[in-house]
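A short write-up of the structure that comes next.
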Amino acid sequence: MIVSRQPNGSAISALRSLLPVLAVLALIALVPLLSPSNRFLSLAISAGINVIALYGLSVLFGQTGILSMGHAALVGVGAYTAAILARDYGIGFWLALPAAVLASAAFAMIVGIPSLRVGGHHFVIMTFAFGQLLAIVLTNGGDYTGAATGLDLVGPVTLFGADMSDLTHYYLMVVAFVAAAAVASWAIINSPYGRTLRAIRENEKLAASLGINVGRHKIGAFVVSGIFAGISGVLLAHFLGHISPTQFASFPSIYLALMVMIGGARLIAGPLAGGILVAFLPEVLNLDPVQSRIVYGVCLIAVILLLPEGLIAGVGQVFRRLLASGQPKQEREEHDTAGTTPSEVRR
(Lines give C-alpha, C1' and ligand atoms only; values in the text may rest on other atoms or scores of the structure.)
Protein backbone atom coordinates (compact mmCIF):
# COMPACT_ATOMS: atom_id res chain seq x y z
CA MET A 1 0.00 0.00 0.00
CA ILE A 2 1.40 3.38 -1.03
CA VAL A 3 0.64 6.34 1.20
CA SER A 4 0.75 9.70 -0.55
CA ARG A 5 2.14 12.50 1.52
CA GLN A 6 2.52 16.15 0.71
CA PRO A 7 6.24 16.99 0.79
CA ASN A 8 7.48 19.78 3.01
CA GLY A 9 8.81 21.51 -0.09
CA SER A 10 5.23 22.02 -1.31
CA ALA A 11 4.29 23.82 1.90
CA ILE A 12 7.38 26.01 1.66
CA SER A 13 6.66 26.78 -1.99
CA ALA A 14 3.08 27.69 -1.11
CA LEU A 15 4.26 30.02 1.65
CA ARG A 16 6.66 31.69 -0.77
CA SER A 17 3.70 32.69 -2.94
CA LEU A 18 2.11 34.55 0.00
CA LEU A 19 5.15 36.33 1.43
CA PRO A 20 5.72 38.68 -1.56
CA VAL A 21 2.08 39.77 -1.39
CA LEU A 22 2.35 40.53 2.33
CA ALA A 23 5.63 42.37 1.72
CA VAL A 24 3.97 44.53 -0.97
CA LEU A 25 1.05 45.25 1.36
CA ALA A 26 3.48 46.23 4.12
CA LEU A 27 5.06 48.75 1.74
CA ILE A 28 1.62 49.97 0.68
CA ALA A 29 0.77 50.55 4.35
CA LEU A 30 3.72 52.96 4.55
CA VAL A 31 2.36 55.20 1.76
CA PRO A 32 0.76 57.71 4.21
CA LEU A 33 4.29 58.58 5.39
CA LEU A 34 4.80 60.21 1.98
CA SER A 35 1.87 62.60 2.62
CA PRO A 36 -0.11 61.67 -0.52
CA SER A 37 -3.06 63.72 -1.70
CA ASN A 38 -6.62 62.91 -0.65
CA ARG A 39 -7.40 61.92 -4.25
CA PHE A 40 -4.60 59.35 -4.23
CA LEU A 41 -5.78 57.92 -0.91
CA SER A 42 -9.37 57.78 -2.17
CA LEU A 43 -8.30 55.88 -5.31
CA ALA A 44 -6.16 53.53 -3.21
CA ILE A 45 -9.05 52.85 -0.82
CA SER A 46 -11.40 52.12 -3.72
CA ALA A 47 -8.79 49.80 -5.25
CA GLY A 48 -8.32 47.98 -1.94
CA ILE A 49 -12.06 47.48 -1.51
CA ASN A 50 -12.23 46.03 -5.03
CA VAL A 51 -9.26 43.74 -4.31
CA ILE A 52 -11.13 42.17 -1.38
CA ALA A 53 -14.04 41.32 -3.69
CA LEU A 54 -11.55 40.06 -6.29
CA TYR A 55 -10.06 37.55 -3.87
CA GLY A 56 -13.52 36.00 -3.57
CA LEU A 57 -13.94 36.02 -7.34
CA SER A 58 -10.52 34.41 -7.73
CA VAL A 59 -11.66 31.45 -5.61
CA LEU A 60 -14.74 31.06 -7.80
CA PHE A 61 -13.10 31.67 -11.18
CA GLY A 62 -9.43 30.86 -10.63
CA GLN A 63 -9.84 27.71 -8.56
CA THR A 64 -13.25 26.38 -9.64
CA GLY A 65 -13.31 27.68 -13.20
CA ILE A 66 -16.66 29.45 -12.82
CA LEU A 67 -16.87 33.03 -14.09
CA SER A 68 -19.60 35.13 -12.50
CA MET A 69 -20.89 38.32 -14.12
CA GLY A 70 -22.99 39.15 -11.08
CA HIS A 71 -20.26 39.55 -8.48
CA ALA A 72 -20.99 43.26 -8.02
CA ALA A 73 -24.52 42.27 -7.00
CA LEU A 74 -23.08 40.33 -4.06
CA VAL A 75 -21.09 43.42 -3.10
CA GLY A 76 -24.32 45.39 -3.34
CA VAL A 77 -26.13 43.01 -0.98
CA GLY A 78 -23.44 43.62 1.64
CA ALA A 79 -23.51 47.38 1.09
CA TYR A 80 -27.30 47.69 1.30
CA THR A 81 -27.44 45.43 4.35
CA ALA A 82 -24.99 47.73 6.15
CA ALA A 83 -26.88 50.84 5.01
CA ILE A 84 -30.31 49.56 6.07
CA LEU A 85 -29.02 48.34 9.44
CA ALA A 86 -27.41 51.73 10.07
CA ARG A 87 -30.53 53.68 9.03
CA ASP A 88 -33.26 51.60 10.69
CA TYR A 89 -31.51 50.15 13.73
CA GLY A 90 -28.51 52.39 14.34
CA ILE A 91 -26.14 49.42 13.91
CA GLY A 92 -22.60 50.51 13.16
CA PHE A 93 -19.82 49.13 11.00
CA TRP A 94 -18.52 46.29 13.16
CA LEU A 95 -21.89 44.79 14.03
CA ALA A 96 -23.16 45.23 10.48
CA LEU A 97 -20.10 43.46 9.05
CA PRO A 98 -21.05 39.86 10.04
CA ALA A 99 -24.70 40.48 9.14
CA ALA A 100 -23.73 41.76 5.69
CA VAL A 101 -21.39 38.83 5.16
CA LEU A 102 -24.17 36.37 6.01
CA ALA A 103 -26.61 38.21 3.73
CA SER A 104 -24.18 38.15 0.78
CA ALA A 105 -23.34 34.49 1.38
CA ALA A 106 -27.05 33.60 1.56
CA PHE A 107 -27.77 35.53 -1.64
CA ALA A 108 -24.86 33.74 -3.33
CA MET A 109 -26.36 30.39 -2.33
CA ILE A 110 -29.80 31.40 -3.61
CA VAL A 111 -28.31 32.50 -6.92
CA GLY A 112 -25.91 29.57 -7.11
CA ILE A 113 -28.38 26.72 -6.67
CA PRO A 114 -30.33 27.32 -9.91
CA SER A 115 -27.44 28.89 -11.84
CA LEU A 116 -25.00 26.04 -11.31
CA ARG A 117 -27.39 23.56 -12.87
CA VAL A 118 -26.13 24.93 -16.15
CA GLY A 119 -22.54 25.48 -17.23
CA GLY A 120 -20.30 27.54 -19.43
CA HIS A 121 -21.72 30.66 -21.02
CA HIS A 122 -25.21 29.80 -19.75
CA PHE A 123 -24.00 30.29 -16.18
CA VAL A 124 -22.38 33.61 -17.11
CA ILE A 125 -25.67 34.80 -18.62
CA MET A 126 -27.67 33.72 -15.57
CA THR A 127 -25.39 35.49 -13.09
CA PHE A 128 -25.51 38.58 -15.31
CA ALA A 129 -29.31 38.40 -15.25
CA PHE A 130 -29.41 38.04 -11.47
CA GLY A 131 -27.20 41.11 -11.14
CA GLN A 132 -29.52 43.11 -13.35
CA LEU A 133 -32.53 41.80 -11.44
CA LEU A 134 -31.08 42.98 -8.14
CA ALA A 135 -30.48 46.46 -9.60
CA ILE A 136 -34.12 46.57 -10.75
CA VAL A 137 -35.38 45.45 -7.32
CA LEU A 138 -33.28 48.09 -5.55
CA THR A 139 -34.43 50.78 -7.98
CA ASN A 140 -38.09 49.92 -7.40
CA GLY A 141 -37.77 49.31 -3.68
CA GLY A 142 -39.27 52.65 -2.72
CA ASP A 143 -38.24 54.31 0.51
CA TYR A 144 -36.89 51.04 1.90
CA THR A 145 -34.00 50.86 -0.60
CA GLY A 146 -33.96 54.55 -1.46
CA ALA A 147 -35.16 53.79 -5.00
CA ALA A 148 -32.94 55.11 -7.80
CA THR A 149 -31.32 57.76 -5.59
CA GLY A 150 -29.99 55.18 -3.14
CA LEU A 151 -29.23 55.38 0.57
CA ASP A 152 -27.04 57.56 2.75
CA LEU A 153 -24.95 56.30 5.65
CA VAL A 154 -24.45 58.53 8.64
CA GLY A 155 -22.38 57.38 11.56
CA PRO A 156 -18.76 57.22 12.66
CA VAL A 157 -16.55 54.19 12.19
CA THR A 158 -14.04 53.75 14.99
CA LEU A 159 -11.30 51.22 15.61
CA PHE A 160 -9.48 51.12 18.95
CA GLY A 161 -10.67 54.64 19.57
CA ALA A 162 -9.37 55.98 16.23
CA ASP A 163 -11.79 57.82 13.96
CA MET A 164 -11.94 55.97 10.64
CA SER A 165 -13.56 58.93 8.90
CA ASP A 166 -10.01 60.21 8.49
CA LEU A 167 -8.81 59.04 5.06
CA THR A 168 -5.44 57.86 6.34
CA HIS A 169 -7.01 55.76 9.09
CA TYR A 170 -9.57 54.27 6.71
CA TYR A 171 -6.80 53.56 4.21
CA LEU A 172 -4.80 51.60 6.80
CA MET A 173 -7.91 49.68 7.85
CA VAL A 174 -8.63 48.71 4.23
CA VAL A 175 -5.02 47.56 3.78
CA ALA A 176 -5.44 45.36 6.87
CA PHE A 177 -8.64 43.87 5.40
CA VAL A 178 -6.85 43.25 2.08
CA ALA A 179 -4.05 41.42 3.92
CA ALA A 180 -6.62 39.29 5.77
CA ALA A 181 -8.39 38.53 2.47
CA ALA A 182 -5.08 37.53 0.84
CA VAL A 183 -4.23 35.19 3.72
CA ALA A 184 -7.73 33.67 3.68
CA SER A 185 -7.60 33.16 -0.09
CA TRP A 186 -4.12 31.63 0.18
CA ALA A 187 -5.33 29.25 2.91
CA ILE A 188 -8.27 28.15 0.74
CA ILE A 189 -6.08 27.65 -2.34
CA ASN A 190 -3.58 25.47 -0.45
CA SER A 191 -6.14 23.48 1.54
CA PRO A 192 -7.63 20.09 0.58
CA TYR A 193 -10.80 22.02 -0.30
CA GLY A 194 -8.83 24.16 -2.75
CA ARG A 195 -7.35 21.06 -4.38
CA THR A 196 -10.86 19.65 -4.71
CA LEU A 197 -12.02 22.82 -6.45
CA ARG A 198 -9.10 22.61 -8.87
CA ALA A 199 -9.97 18.99 -9.60
CA ILE A 200 -13.47 20.12 -10.55
CA ARG A 201 -12.01 22.89 -12.70
CA GLU A 202 -9.69 20.54 -14.60
CA ASN A 203 -12.15 17.69 -15.20
CA GLU A 204 -15.61 17.88 -13.69
CA LYS A 205 -16.73 14.44 -14.85
CA LEU A 206 -13.60 12.75 -13.53
CA ALA A 207 -13.99 14.52 -10.18
CA ALA A 208 -17.60 13.32 -9.95
CA SER A 209 -16.53 9.75 -10.78
CA LEU A 210 -14.11 9.88 -7.84
CA GLY A 211 -16.97 10.62 -5.45
CA ILE A 212 -16.69 14.40 -5.25
CA ASN A 213 -20.04 16.14 -4.89
CA VAL A 214 -19.47 18.63 -7.69
CA GLY A 215 -22.67 20.62 -7.22
CA ARG A 216 -22.17 21.10 -3.50
CA HIS A 217 -18.57 22.24 -3.93
CA LYS A 218 -19.53 24.68 -6.69
CA ILE A 219 -22.20 26.23 -4.49
CA GLY A 220 -19.67 26.31 -1.64
CA ALA A 221 -17.22 28.24 -3.81
CA PHE A 222 -19.99 30.67 -4.75
CA VAL A 223 -20.81 31.18 -1.06
CA VAL A 224 -17.13 31.79 -0.26
CA SER A 225 -17.01 34.44 -2.99
CA GLY A 226 -20.11 35.99 -1.40
CA ILE A 227 -18.34 36.25 1.96
CA PHE A 228 -15.51 38.28 0.43
CA ALA A 229 -18.02 40.39 -1.50
CA GLY A 230 -20.02 41.14 1.66
CA ILE A 231 -16.94 42.50 3.42
CA SER A 232 -16.15 44.60 0.37
CA GLY A 233 -19.71 45.96 0.31
CA VAL A 234 -19.66 47.13 3.93
CA LEU A 235 -16.31 48.85 3.45
CA LEU A 236 -17.56 50.52 0.27
CA ALA A 237 -20.80 51.74 1.83
CA HIS A 238 -19.11 53.30 4.84
CA PHE A 239 -16.36 54.80 2.72
CA LEU A 240 -18.62 56.47 0.17
CA GLY A 241 -21.40 57.39 2.61
CA HIS A 242 -23.91 56.92 -0.21
CA ILE A 243 -24.83 53.92 -2.35
CA SER A 244 -27.16 53.53 -5.33
CA PRO A 245 -28.33 50.61 -7.55
CA THR A 246 -26.18 51.65 -10.52
CA GLN A 247 -23.03 50.87 -8.51
CA PHE A 248 -23.94 47.18 -8.46
CA ALA A 249 -25.45 46.63 -11.90
CA SER A 250 -23.96 44.99 -15.00
CA PHE A 251 -20.94 47.14 -15.78
CA PRO A 252 -19.41 47.00 -12.26
CA SER A 253 -19.55 43.18 -12.46
CA ILE A 254 -17.79 43.24 -15.83
CA TYR A 255 -15.30 45.66 -14.29
CA LEU A 256 -14.50 43.18 -11.49
CA ALA A 257 -14.19 40.28 -13.95
CA LEU A 258 -11.84 42.41 -16.04
CA MET A 259 -9.63 43.11 -13.02
CA VAL A 260 -9.31 39.48 -11.99
CA MET A 261 -8.58 38.30 -15.54
CA ILE A 262 -5.93 40.96 -16.15
CA GLY A 263 -4.17 40.35 -12.85
CA GLY A 264 -4.55 36.58 -12.96
CA ALA A 265 -7.18 34.58 -11.09
CA ARG A 266 -5.05 31.58 -10.12
CA LEU A 267 -2.20 33.36 -8.34
CA ILE A 268 -2.46 35.01 -4.93
CA ALA A 269 -0.88 38.19 -6.30
CA GLY A 270 -3.26 38.37 -9.27
CA PRO A 271 -6.23 40.15 -7.64
CA LEU A 272 -3.92 42.68 -5.99
CA ALA A 273 -2.17 43.47 -9.28
CA GLY A 274 -5.42 43.63 -11.26
CA GLY A 275 -7.15 45.88 -8.74
CA ILE A 276 -4.25 48.34 -8.52
CA LEU A 277 -3.61 48.40 -12.28
CA VAL A 278 -7.21 48.99 -13.33
CA ALA A 279 -7.78 51.61 -10.61
CA PHE A 280 -4.69 53.70 -11.29
CA LEU A 281 -4.20 53.24 -15.05
CA PRO A 282 -6.66 56.02 -16.05
CA GLU A 283 -5.06 58.34 -13.50
CA VAL A 284 -1.53 57.67 -14.74
CA LEU A 285 -2.48 58.02 -18.43
CA ASN A 286 -4.92 60.89 -17.77
CA LEU A 287 -7.84 59.13 -19.49
CA ASP A 288 -11.50 60.06 -19.43
CA PRO A 289 -14.09 57.32 -18.68
CA VAL A 290 -14.68 56.46 -22.36
CA GLN A 291 -10.96 56.25 -23.14
CA SER A 292 -10.33 54.16 -20.03
CA ARG A 293 -12.94 51.60 -21.11
CA ILE A 294 -11.29 51.34 -24.52
CA VAL A 295 -7.89 50.82 -22.87
CA TYR A 296 -9.36 48.19 -20.53
CA GLY A 297 -10.78 46.31 -23.51
CA VAL A 298 -7.45 46.40 -25.35
CA CYS A 299 -5.65 45.21 -22.20
CA LEU A 300 -8.12 42.34 -21.77
CA ILE A 301 -7.69 41.20 -25.38
CA ALA A 302 -3.90 41.40 -25.04
CA VAL A 303 -3.96 39.39 -21.81
CA ILE A 304 -6.23 36.71 -23.29
CA LEU A 305 -4.05 36.34 -26.40
CA LEU A 306 -0.57 36.80 -24.90
CA LEU A 307 -0.89 36.15 -21.15
CA PRO A 308 -3.81 33.75 -20.64
CA GLU A 309 -2.81 33.12 -17.02
CA GLY A 310 -2.79 36.83 -16.22
CA LEU A 311 -0.25 39.61 -15.92
CA ILE A 312 1.57 38.32 -12.84
CA ALA A 313 1.99 34.80 -14.25
CA GLY A 314 3.20 36.23 -17.56
CA VAL A 315 5.75 38.50 -15.89
CA GLY A 316 6.95 35.56 -13.78
CA GLN A 317 7.43 33.40 -16.87
CA VAL A 318 9.41 36.13 -18.63
CA PHE A 319 11.57 36.63 -15.55
CA ARG A 320 12.29 32.89 -15.25
CA ARG A 321 13.21 32.70 -18.95
CA LEU A 322 15.62 35.61 -18.56
CA LEU A 323 17.26 33.92 -15.59
CA ALA A 324 17.47 30.61 -17.45
CA SER A 325 18.99 32.24 -20.53
CA GLY A 326 21.80 33.64 -18.40
CA GLN A 327 22.74 30.23 -16.99
CA PRO A 328 25.16 27.80 -18.63
CA LYS A 329 23.52 24.88 -20.40
CA GLN A 330 24.69 22.34 -17.82
CA GLU A 331 23.24 24.40 -14.94
CA ARG A 332 19.92 24.71 -16.76
CA GLU A 333 19.75 20.96 -17.24
CA GLU A 334 20.55 20.38 -13.57
CA HIS A 335 17.90 22.91 -12.57
CA ASP A 336 15.30 21.24 -14.82
CA THR A 337 15.98 17.80 -13.34
CA ALA A 338 16.52 18.90 -9.74
CA GLY A 339 12.86 18.53 -8.76
CA THR A 340 12.27 15.21 -10.61
CA THR A 341 12.46 11.67 -9.38
CA PRO A 342 14.93 9.15 -10.91
CA SER A 343 12.08 7.46 -12.80
CA GLU A 344 11.02 10.82 -14.28
CA VAL A 345 14.60 11.55 -15.36
CA ARG A 346 14.83 8.16 -17.09
CA ARG A 347 11.58 8.89 -18.94
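The values are calculated or read from the model by the stated rules, or taken from the named source; none is laboratory data. Only a predicted model underlies this, so the values are computations on that prediction, with no experimental measurement involved. Methodologically, a virtual Cβ is constructed for each residue, glycine included, from the backbone with ideal geometry; neighbour enumeration extends over all protein chains shown. Surface areas here come from the heavy atoms of the whole protein model, side chains and all, with no ligands, DNA or RNA. Shrake-Rupley method; radii C 1.70, N 1.55, O 1.52, S 1.80 Å.
Here are the numbers:
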item	result
Stokes-Einstein diffusion coefficient of region 232-296, Kirkwood radius over Cα pairs, 20 °C, 1.002 mPa s, in µm²/s	165
Debye intensity ratio in log₁₀ form over the Cα atoms of region 156-267, taken at each q of 0.11, 0.13, 0.19, 0.23 Å⁻¹	-0.51, -0.68, -1.15, -1.36
Prolate/oblate/rounded label for region 14-66 (Cα gyration tensor, a/c 1.5)	oblate
Cβ-placed point charges (K, R +1; D, E -1), dipole of the chain about Cα centre in debye, nearest 20	1080
Helical mean residue ellipticity (222 nm; -39500 (n - 2.57) per DSSP H run of 4+; nearest 500) of the chain	-24000 deg cm²/dmol
Kirkwood Rh, Cα atoms: Rg over Rh of region 175-225	1.07
Contour minus Cα-Cα distance for residue 283 and residue 324 (0.36 nm per residue)	11.2 nm
Charge sum, other residues only, whose C-beta stays under 14 Å from residue 314's C-beta, Lys/Arg counted +1 and Asp/Glu -1	+2
Carbon/sulfur fraction of accessible area - the chain, other protein chains in place, 1.4 Å, %	66
Cβ-based charge dipole, the chain, positive-most Cα from 323, 40, 25	323
Distance from region 54-77 to region 127-174 (C-alpha centre basis), Å	19
Positive-end residue of 185, 217, 232, charge dipole of region 105-240 with Cβ unit charges	217
Extension gain from residue 110 to residue 162, taking 0.36 nm per residue of separation minus the Cα-Cα distance	15.0 nm
Angle in degrees between helix 270-285 and the longest Cα principal axis of the chain, rounded to the nearest 10	60
Cα point-scatterer Debye curve for region 135-201, base-10 log of I(q)/I(0) at q = 0.18, 0.20, 0.23, 0.24 Å⁻¹	-0.81, -0.81, -0.87, -0.90
The chain - Kirkwood radius from inverse mean 1/r over Cα pairs (Å)	21.5
